[in-house]
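Have a look at the structure below before the remarks.
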Amino acid sequence: MASVLQVENLHKTYQGLSAPVEALRGVSLDMESGEFVAVMGPSGCGKSTLLHICGAMDRPTRGYVLIDSQPVQDLSDDLLTRLRRTRIGFVFQFFNLLPTLNLLENVSLPLLLDGADGQQSDQQARRLLQQVGLADRLNHYPQQLSGGEMQRAAIARAVVHRPALLIADEPTGNLDSESGRNILALLAELNQETNVSILLATHSSEAASAADRILHVKDGLVQRIQVKERVR
């Protein structure tokens, strides 16, 4: 299978108040197309830093990242923006939906920003909102929805442009248990049906159990890798 994401000997150092802080200390990862990988560990272990670099939102101090076999660290800021807009989707803990846009407008926005036709963008957004169970909420605004509904809308927005890689940073961290389980089931469904590769960060063993492979991270290092067989 084709490799979607390759990370080799990744280091990230931040300048702290009194001394440098090593958030990542030599992490390597190879994800194939359609794979679901969870990065699990306590707060401050480096998992969000890893996701930000893998999603081309930050640059490593050392090491390299390839997305679709393309070295990310060599790209200009404009090309990184283009890469994120076309090949990567993002889901965060706090949804990040625009409050002045209804759900249909929120979900279609990535396509419009990339220059897509308005009618086609509208149709694609409607299809995805129906798929995530929000067909009756198209004209609702984020503040009119529950947390679970907002996260489902955020997931629809993240995959509306058919990315190769979906970055999900603590997507259930702001939800109750039932809503969290529904979001994990939705991610697994999208992974199976669309073959999108998912890289998920979590501190929850229940959330991590949805993945094919779990990287247990501590102090900026991968301590062990847990592989789960899954029937496709």
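The values are calculated or read from the model by the stated rules, or taken from the named source; none is laboratory data. Bear in mind that the values here come from a model prediction, so they are computed numbers and not experimental data. Using ideal geometry, Cβ is built from the backbone for each residue, glycine included, and neighbour counts are taken over all protein chains shown.
Do you know which of the residues in the stretch 49-70 that are within 11 Å of the chain's Cα centre (by Cα) and assigned to a helix (DSSP H, G or I) is surrounded by the most Cβ atoms within 10 Å (Cβ to Cβ)? Can you show your working first?
From the stretch 49-70, those within 11 Å of the chain's Cα centre (by Cα) are 51-52, 54-55; that's our starting set.
Imposing the further condition that a residue be assigned to a helix (DSSP H, G or I) reduces the set to 51-52, 54.
Details: Leu51: 21, His52: 18, Cys54: 27.
The qualifying residue surrounded by the most Cβ atoms within 10 Å (Cβ to Cβ) is Cys54.
Could you look through the stretch 59-77, keep only residues that are at pLDDT 90 or above and of a type in the set (Ser, Thr, Tyr), and pick out the one that is nearest to Leu29 (Cα to Cα)?
Among those that are at pLDDT 90 or above and of a type in the set (Ser, Thr, Tyr), it is Tyr64.
Among the residues in the stretch 104-114, are any surrounded by 16 or more Cβ atoms within 10 Å (Cβ to Cβ), part of a loop (DSSP other than H, G, I, E, B), touching a helix residue (DSSP H, G or I) at 6+ places or on another chain (Cβ under 9 Å) and at pLDDT below 90? First the steps, then the outcome.
Within the stretch 104-114, the subset surrounded by 16 or more Cβ atoms within 10 Å (Cβ to Cβ) is 104-111.
Among the residues that remain, those that are also part of a loop (DSSP other than H, G, I, E, B) are: none.
So far as the stretch 104-114 goes, no, none of its residues is surrounded by 16 or more Cβ atoms within 10 Å (Cβ to Cβ), part of a loop (DSSP other than H, G, I, E, B), touching a helix residue (DSSP H, G or I) at 6+ places or on another chain (Cβ under 9 Å) and at pLDDT below 90.
Please work out which residue is modelled with the highest pLDDT, limiting yourself to the stretch 174-205 and to residues that are under 13 Å from the mean Cα position of the chain (by Cα) and of a type outside the set (A, V, I, L, M).
Among those residues, the one meeting the criterion is Ser197.
The rows are residues; the columns are (1) closer than 23 Å to Asn191 by Cβ; (2) in contact with a strand residue (DSSP E or B) (Cβ under 6 Å, 6 or more places away or on another chain); (3) surrounded by 22 or more Cβ atoms within 10 Å (Cβ to Cβ); (4) of a type in the set (A, V, I, L, M).
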| position | (1), (2), (3), (4) |
| --- | --- |
| Lys47 | yes, yes, yes, no |
| Ser76 | no, no, no, no |
| Phe92 | yes, yes, no, no |
| Thr100 | no, no, no, no |
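May I ask you to list pairs of residues, at least six apart or on different chains, whose Cβ atoms are under 7 Å apart, with the first in the stretch 118-131 being under 18 Å from Leu186 (Cα atoms) and basic (Lys, Arg) and the second being part of a helix (DSSP H, G or I) and modelled with pLDDT of 95 or more?
Hits for this filter: Arg126/Leu104.
Restricting to the stretch 175-232, count the residues that are assigned to a helix (DSSP H, G or I) and touching a helix residue (DSSP H, G or I) at 6+ places or on another chain (Cβ under 9 Å). Full working, then the answer.
Going through the stretch 175-232, the residues assigned to a helix (DSSP H, G or I) turn out to be 177-194, 205-208.
Then drop every residue that is not touching a helix residue (DSSP H, G or I) at 6+ places or on another chain (Cβ under 9 Å), which leaves 177-184, 186-187, 189-190, 193-194, 206-207.
Matching residues across the stretch 175-232 total 16.
If I ask for residues that are in contact with a Lys or Arg (Cβ under 9 Å, 6 or more places away or on another chain) and among the aromatic types (Phe, Trp, Tyr), which ones from the stretch 40-90 would you list?
Hit for the stretch 40-90 is Phe90, nothing else.
Listed residues Pro99, Pro110; which is touching a residue at least 12 places away in the same chain (Cβ under 8 Å) and within 30 Å of Val65 (Cα to Cα)? It would help to see each step written out before you state the result.
Details: Pro99 fails: within 30 Å of Val65 (Cα to Cα).
One residue alone meets the criteria, Pro110.
Here is a list of conditions, (1) more than 30 Å from Pro142 (Cβ to Cβ); (2) at pLDDT 95 or above; (3) surrounded by fewer than 14 Cβ atoms within 10 Å (Cβ to Cβ), and Leu24 meets all of them except one; can you say which number that is?
(3)
Give the stretch 188-210 a look and list any residue that's acidic (Asp, Glu) and touching a residue at least 24 places away in the same chain (Cβ under 8 Å), or say none.
At the first step, the residues of the stretch 188-210 found to be acidic (Asp, Glu) are 189, 193, 206.
Answer for the stretch 188-210, where residues must be acidic (Asp, Glu) and touching a residue at least 24 places away in the same chain (Cβ under 8 Å): just Glu206.
Output the residue which, of all residues in the stretch 170-191 that are crowded, with 22+ Cβ neighbours inside 10 Å and in contact with a Lys or Arg (Cβ under 9 Å, 6 or more places away or on another chain), is farthest from Leu104 (Cα to Cα).
Thr172
Tell me whether the stretch 211-221 contains one or more residues that are more than 23 Å from Gly46 (Cβ to Cβ) and either free of Cβ contacts under 8 Å to residues at least 40 places away in the same chain or not hydroxyl-bearing (Ser, Thr, Tyr) (or both).
The answer is no, given that none of the residues of the stretch 211-221 is more than 23 Å from Gly46 (Cβ to Cβ) and either free of Cβ contacts under 8 Å to residues at least 40 places away in the same chain or not hydroxyl-bearing (Ser, Thr, Tyr) (or both).
Suppose we keep only residues that are in contact with an Asp or Glu (Cβ under 7 Å, 6 or more places away or on another chain) and small (Gly, Ala, Ser) within the stretch 181-210. Which one would you say is nearest to Cys45 (Cα to Cα)?
Our first condition is that a residue be in contact with an Asp or Glu (Cβ under 7 Å, 6 or more places away or on another chain); within the stretch 181-210, this holds for 197, 201-202.
Imposing the further condition that a residue be small (Gly, Ala, Ser) reduces the set to 197, 201.
Values: Ser197: 23, Ala201: 11 Å.
That would be Ala201.
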